[in-house]
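Here's the structure, in structure tokens; my notes come after.
The values are calculated or read from the model by the stated rules, or taken from the named source; none is laboratory data. What you are looking at is a predicted structure, and each value in this text was computed from that prediction instead of being measured. For neighbour counting, all protein chains shown are included, and Cβ atoms are generated from backbone atoms with ideal geometry for every residue, glycine included.
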Amino acid sequence: MAASIGARATWNRYFGALVYPDFRNLWAANLSAQAAAWALIVSRGWLVYEQTGSSLWVGLITFAAKAPQFLVPPFAGVLADRFDRKAILRMTYAVNLLHNIVLAGLALTGTLTLWELVILSVVNGTARAVQMPTSQALAANLVPREKLLNALSLNSATQHGSRLVGPGLATPLLAIFGPPAAFVLCTAFYAVGLFQINRIKTVSTGGVRKGESFFQSFQKGIAYAWSEPLIRMVLAMVIFHCGLTMAFETLIPTFAVRQLNAGVTGFSTIMIGVGAGALVGSLYIGGIQSALVRGRLFLVMGLLSGLGQVLLAFMPNMAMAVIAAVIMGGSQAAFMNVGQAVTQSLAKDEFRGRIASINTFSLGGVMAGMELFNGYMGSYYSASHILWVNGAIFVGIMVASVAIALPRSVYVKGLPDRAVMGGSQ
């Protein structure tokens, strides 16, 4: 009996938000979409590296998929605060489903060119740049206040834990049948996601007034984020984190081949290691209820994100590289989940779409620029050199933040969980 009560309490702590049907549908849709995204990263990256042997070309394809997150998130944030968030998500899933059908068809017929892949990657990235902030904003409307942080953490967990699901399923297909089979898998993922989105019943919109221009709406969102010191601080740290510790995919094919003497299996195995760590880190953060623990974890996981990347850079064999990848994935996911969940829980509902768009810009736009830069630098320096330098820089930023009053207060007193609920709740 006691064991049953304990198990139920543990479930409620870490997965309590999943008892709400609409949130459960959104969570399943996000998991499918994010798994497709990570499977595409692995499949496209290996296809390009196999054809060209160039980290620069891998960087260009990755940049094409993430570049829309430089420009699209501001528009997506305003859209998510003006129109029905479910309808917006349905559109993005339909676009990516069609994108994957075309990609798989061209690959299966052997007519896919590198420049066609660039164009298709831009389409994929544009739809995802709208999907991600809209999903964050909608998630906050599907559960009661006391489950908000758990829901936001679980929603964020799909972005990171899916690194295990997507590459884990795509790897055997790549090894046995090649990239076309992996692209078919991604098509199936988006079909499942679209089905789940259509099952959501809640109508959710933000607080953008009719007649207000895009620039007025976006300006208000930026002004609001800037006026909240804690939101401003967390967003700044997340931007540095994304650019320096999460823009590594471009380098992994070269790293796996030249340092570890492994091929596609080595590349995918490292990505799966990152995903396994990310899944554990995401689920762990979803159950953290103490403001003090959240604040201290924000510092510790930030430090581990950089140190994990430094460790990976110096690993001499696959087994040790996977261990470093797990550390990277777990700490990166934990850091990002705390940041995304806290900024969404602190924000007023009318601004959630625009706050989420800044998170999306960090996760995609900043990463896209650094992916391209890292791919370019890979023509002159080894992948391991670039990995450890970037990781060390972020460790230095986290150490330096202790000397600044607001971050130091967060690390000592914790990250609060106050939230202003609106909309359907």
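Worth pointing out:
- Any hit, the stretch 50-57, residues being touching a Phe, Trp or Tyr at 6+ places or on another chain (Cβ under 7 Å) and touching a residue at least 12 places away in the same chain (Cβ under 8 Å): yes
- Residues (modelled with pLDDT of 80 or more and hydrophobic (A, V, I, L, M, F, W, C)) located in the stretch 253-270: 255, 256, 257, 260, 270
- Qualifying residue in the stretch 309-316 (condition: in contact with a Gly (Cβ under 6 Å, 6 or more places away or on another chain), at pLDDT below 90 and closer than 23 Å to residue 269 by Cβ): no
- Candidate set from the stretch 53-100 (those that are more than 20 Å from the chain's Cα centre (by Cα) and within 21 Å of residue 243 (Cα to Cα)); member that is surrounded by the fewest Cβ atoms within 10 Å (Cβ to Cβ): 56
- Residues in the stretch 133-192 that are polar (S, T, N, Q) and within 25 Å of residue 336 (Cβ to Cβ): 134, 135, 136, 141, 150, 153, 155, 156, 158, 159, 162, 171.
- Residue satisfying condition, being at pLDDT below 85, among the basic types (Lys, Arg) and closer than 24 Å to residue 252 by Cα, within set 163, 145: 163
- With respect to (1) within 16 Å of the chain's Cα centre (by Cα); (2) under 18 Å from residue 194 (Cβ atoms); (3) buried (at least 23 other Cβ atoms within 10 Å of the Cβ), the lone exception for residue 138 is condition (1).
- Flag for residue 308 being crowded, with 24+ Cβ neighbours inside 10 Å, small (Gly, Ala, Ser) and assigned to a helix (DSSP H, G or I): yes
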